[in-house]
Structure formats: structure tokens, C-alpha cells
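Taken together, the values in this text are just the output of simple stated rules run on the coordinates, not laboratory data. All values reported here derive from a predicted model rather than from experimental measurement. Cβ placement follows ideal geometry from the backbone for every residue including glycine, while neighbour counts extend to all protein chains displayed.
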Amino acid sequence: MAWPIYEVINAHRLPAIFHTGHSGIGSGMRCGGGLRLALSNPMHLDEVAIDFPDMQIVMAHPSWPWQDEALSAAMHKPNVWIDLSGWSPKYFPKQLIQYANSLLKDRVLFGSDFPLITPERWMKDADVAGFKPEVMSGILKDNAVRLLGLGAI
């Protein structure tokens, strides 16, 4: 399949970020604001990850109600990352916390979704969400540094 936009992103060695899962956008609006939830299923990114194995793919937001699919995609494809923006950590599914603390600790990224969720609120809620202290530096900074190729900062 031809993916011209992904070819450009890949050629410039840029990461691509994709909205995944349900968020507050369109919730309660007539027709959900026209957003088709099925298109935010993270399994749609599996084919992209195969066709562009060197392009880093970031799944934005916890992918509810497809959290297991997102975890599976990230576990199976080493170029797939999970971003934690858009939800307060106190609402994260338990399996997201479990994998962020273990098998995916090197590919989970901080994000607050400011101004809807401030970084201060995200950090306060993360303190009680169940993240292991030793993985927080990766989530908050180190994983993004690697993803973006920034070297030590």
C-alpha cells in the first residue's frame, strides 16, 4: 500500500504521533462531534509499523477501550511507543501501569494534555497511580530523549 505522508516522515527520520482511544473530544456532542471512534483503535497502526519499521510511532493517550491492543502493538513492534497524555493517571487501566512498570518501561512517555490537564495535576495523580519510582525518570524524560535522538541533556 502507498503511504506518501509516512514516506516523507520516515525519510526525515521524524516520529509520527497518532491519536488512539476515546478521549473527551466530541463526548456528549451531537454525533460525537463527527469523530469515528473505530478509527482510533491502535491496531490500525500495526500495518504502518510493519511497512515503516524505522519510523517511530507514538500512540497518543491511553487507548481506552483498546488498552490491551495498544500494549500488544507496543510489545510486538519495537518502533511503537505509548504516550500518557489526555487522561489523569488515576484513571489509567491497571494493565497500562503494569506494563509501564515492566516490559514497556523504555517506551512509555509523559504527556499531560495541557491546558486540560496541567503537568502539576498529572504529577500529583501519577504519585498515587502505582508507577514504580525507578521508571518515572524514563517516563518523564529519558524515554523521550531516546525517541527524539537528543542525546544526554
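Going by neighbour counts of Cβ atoms within 10 Å, the residues ARG107, ARG13, ARG30 line up, fewest first, as ARG30, ARG13, ARG107.
Net charge in the neighbourhood of ALA74 (other residues with Cβ under 13 Å of its Cβ; Lys, Arg +1, Asp, Glu -1) is -2.
With a cut-off of 11 Å between beta carbons, the residues surrounding ASN143 carry a summed charge of +1, where Lys and Arg count +1 and Asp and Glu -1. Computed extension length for LYS94-MET75: 5.2 nm, one decimal, from 0.36 nm per residue of separation with the Cα-Cα distance subtracted. Taken over region 52-120, the ratio of Cα radius of gyration to 2.2 N^0.38 Å equals 1.07. At the listed q of 0.10, 0.16 Å⁻¹, the Debye profile of the chain, built from one uniform point per Cα, gives log10 I(q)/I(0) equal to -0.35, -0.90.
Of the residues THR118, THR20, the one with the fewest other Cβ atoms within 10 Å heads the list, and the complete ranking is THR118, THR20.
Highest mobility in the GNM of the chain, judged by mean-square fluctuation with C-alpha springs under 10 Å and restricted to GLY21, GLY32, GLY138, is found for GLY32.
Result for the chain in a Gaussian network model with C-alpha springs under 10 Å: among ILE97, ILE50, ILE25, the largest mean-square fluctuation is at ILE25. Taking the number of Cβ atoms within 10 Å of each Cβ as an exposure proxy, the fewest-first ranking of MET136, MET29, MET75 is MET29, MET75, MET136. Computed from the alpha carbon positions, the gyration tensor of region 3-53 leads to an equivalent ellipsoid with semi-axes of 27, 11, 9 Å, biggest first.
Extending 7 Å from the Cα toward the beta-carbon at both MET29 and ILE50 defines two label points whose distance is 3.4 nm. Summed over qualifying helices (DSSP H, 4 residues or more, each -39500 (n - 2.57)) and divided by its residue number, the chain shows a 222 nm mean residue ellipticity of -8500 deg cm²/dmol.
Counting Lys and Arg as +1 and Asp and Glu as -1 over every other residue whose Cβ lies under 14 Å from the Cβ of ASP51, the net charge comes to -3.
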